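> The structure's right below; bear with me while I get my questions together.
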Amino acid sequence: MRAWSHYFNQERIVFALTVLLLIVFALTLPKFLAPSNLLSLVRSVAVLGILGLGMLIVVLGRGIDLSLVATMAISVAWSLQLAASGMSMASAMGIGLLLALGMSLVTGILIAYAEIPSLFATLAMATFVYGFGRAHLITGTDVVYLPPNIGAVASLGQGALFGIPMPIVVAAVAALIAYLFLRYTKPGRFIYAIGDNLASARIGGVPVRPILVAQYVIAGGIAFVAGLVTATSAEAMNTRVVNSNMIYDVILVVVLGGVGLSGGRGNVRNVIVGALLIGVLMNGMTIMDVQYTIQNVVKSLILLLAIVVDSIVNPRDEQTGQQGDI
């Protein structure tokens, strides 16, 4: 039984489904295997994958961050607006990054020190960031376009490296950095320890509260990078993305790939596998001209199924239930 579960874990099942979908779509959709479509497929999930890395770091530590998309949209939109008003792009980006990190720092403090469940803290922070940003930072428009002085930053979404679109390159680099951080650094190992057993981690000398704060700050920084890729790809940042289903897509990518919502279980590879499956599925349905609302229904059903599978594979222990984070 153990051997069976080892070879047929959730990650491998999802990867097998991805390969199966690729074969089915390749045989039934004439345009699916076109190089331009395959590049578009990977490019479309690049931002989702980058945000998934931020969510991964938070979920591994028994948390969740519903403010990622709001942080991404408002911080980058403010940077673009500051640059358009005459500020240098470097300074504008620095201020936007500080906003993303600052909001995430507040979120982390509320969760780690005020002990507010992450679900409610991040939901409230998402509403606050969006409302504050639209009222005081991003004025007069929902969409902020790239300023004339965008410079080399535009290459993040529009450039290419050896023929590979830069969004894919940025996502790959972010995945590598996240992997090295979680695998080989002490804070990365602390995050796994907290997610596996918070009480034992505290007894073992892990600085639990600072690490909890740090994982939200890291996620905020990752969200800013994802926002830059989004804005430079579309040549604008649409702040209305906060009201879309994007945050649920991010959670779907993480949970579907096999990251345990109970914490301490999962890695970067899970996020990649989950993002690829969603990318292939959405690309195929788009070619088939499936309505957007139907696509959302399909994704919702997949997310529900993934959560049910996670609750079976990674059951919540007594400590997780008491903590009430998820």
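> Can you pull out every residue in region 1-17 that is modelled with pLDDT of 80 or more and open to solvent by 10 Å² or more (accessible area, probe 1.4 Å)?
PHE15, ALA16, LEU17
> On to the next question. Taking interchain pairs and intrachain pairs at least six residues apart, which have beta carbon atoms under 6 angstrom, with the first residue in region 244-272 and within 12 Å of GLY195 (Cβ to Cβ) and the second assigned to a helix (DSSP H, G or I) and open to solvent by 20 Å² or more (accessible area, probe 1.4 Å)?
GLY264/TYR192; GLY264/ASP196
> Go through region 173-200 and give me each residue that's open to solvent by less than 60 Å² (accessible area, probe 1.4 Å) and over 17 Å from GLY266 (Cβ atoms).
Taking region 173-200 as the starting set, the residues that turn out to be open to solvent by less than 60 Å² (accessible area, probe 1.4 Å) are 174-175, 178, 181-182, 185, 187-188, 190-195, 197-199.
Result: ALA199, single match.
> On to the next question. Inside region 242-264, can you point out the residues that are under 16 Å from GLN10 (Cα atoms), open to solvent by 10 Å² or more (accessible area, probe 1.4 Å) and either in contact with a strand residue (DSSP E or B) (Cβ under 6 Å, 6 or more places away or on another chain) or modelled with pLDDT of 85 or more (or both)?
Hit for region 242-264 is ILE251, nothing else.
> Being assigned to a helix (DSSP H, G or I), within 24 Å of SER300 (Cα to Cα) and basic (Lys, Arg): is that true of ARG269 here?
Answer is yes for this residue.
> May I pose another question? Here is a list: GLY108, GLY131. Which entry is open to solvent by less than 80 Å² (accessible area, probe 1.4 Å), farther than 26 Å from VAL271 by Cβ, in a helix (DSSP H, G or I) and modelled with pLDDT of 90 or more?
Just a single option satisfies the conditions, and that option is GLY131.
> Now, a different point. Out of (1) in a loop (DSSP other than H, G, I, E, B); (2) surrounded by fewer than 19 Cβ atoms within 10 Å (Cβ to Cβ), what's the single condition that is false for VAL206?
Among (1) in a loop (DSSP other than H, G, I, E, B); (2) surrounded by fewer than 19 Cβ atoms within 10 Å (Cβ to Cβ), VAL206 violates only (2).
> Another question, then. Go through region 109-166 and report how many residues are within 16 Å of LEU99 (Cα to Cα) and out of contact with any helix residue (DSSP H, G or I) (no Cβ under 7 Å at 6 or more places or on another chain).
Within region 109-166, residues that are within 16 Å of LEU99 (Cα to Cα) and out of contact with any helix residue (DSSP H, G or I) (no Cβ under 7 Å at 6 or more places or on another chain) number 6.
Yes/no matrix, rows are residues, columns are (1) at pLDDT below 90; (2) closer than 28 Å to ALA73 by Cα:
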{"position": "ARG189", "(1), (2)": "no, no"}
{"position": "ALA193", "(1), (2)": "no, no"}
{"position": "ASP196", "(1), (2)": "yes, no"}
{"position": "ARG202", "(1), (2)": "yes, no"}
{"position": "PHE224", "(1), (2)": "no, yes"}
{"position": "SER233", "(1), (2)": "yes, yes"}
{"position": "VAL268", "(1), (2)": "no, yes"}
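> Could you check region 237-290 and list, in sequence order, the residues that are among the acidic types (Asp, Glu) and within 17 Å of the chain's Cα centre (by Cα)?
ASP249
> Cβ contacts < 9 Å: first residue in contact (Cβ under 8 Å) with a residue 60 or more places away in the chain and in a helix (DSSP H, G or I), restricted to region 9-21; second residue of a type in the set (A, V, I, L, M) and open to solvent by 60 Å² or more (accessible area, probe 1.4 Å), any location; separation 6+ or different chain. Result?
So the pair list comes out as GLN10/VAL313; VAL14/LEU276; PHE15/LEU276; THR18/LEU276.
The values are calculated or read from the model by the stated rules, or taken from the named source; none is laboratory data. Just so we're clear, the structure is a prediction, and the values are computed from it rather than from any experiment. Heads up, the Cβs are rebuilt from the backbone with ideal geometry, glycines too, and the neighbour counts pull from every protein chain shown. Only protein heavy atoms, including side chains, enter the accessible area calculation; ligands, DNA and RNA are left aside. Shrake-Rupley method; radii C 1.70, N 1.55, O 1.52, S 1.80 Å.
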